[in-house]
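Encoded as structure tokens, the structure appears first; notes follow it.
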């Protein structure tokens, strides 16, 4: 499942997101993914909100080697959209759902 940080929230969250780090997120929104920019088979998208909090995991329970990650700019990500050749997103686990949303 891919995630998105709106440009209006980059100043809030950007300084706290570092390459080669893992995070725990709470209070985020889950919405439908725009099919024109979909980077995985998931039709859902994690979206940071004003209430989202994050904490860096200094000792993750399932460490992932650094060489398994690659940061990409926007144009590189768009080039991978809907190609099904790579899974260019962060792997995580949703452990609790506060509210249920139903999409029409």
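Taking the condition in a loop (DSSP other than H, G, I, E, B) and at pLDDT 75 or above, does residue 62 pass? Criteria not met by residue 62. State all residues of region 3-49 that are assigned to a loop (DSSP other than H, G, I, E, B), touching a helix residue (DSSP H, G or I) at 6+ places or on another chain (Cβ under 9 Å), surrounded by 10 or more Cβ atoms within 10 Å (Cβ to Cβ) and in contact (Cβ under 8 Å) with a residue 12 or more places away in the chain; if no residue qualifies, say none. Hits for region 3-49 are 5, 20, 39, 48, 49.
Quick check on region 69-78. Is at least one of its residues surrounded by 12 or more Cβ atoms within 10 Å (Cβ to Cβ) and modelled with pLDDT of 70 or more? Yes, the conditions are met somewhere in region 69-78.
The values are calculated or read from the model by the stated rules, or taken from the named source; none is laboratory data. The structure displayed is predicted, hence computed values, not measured ones. Note that each Cβ is placed from the backbone with ideal geometry, even for glycine, and that neighbours are counted across all protein chains shown.
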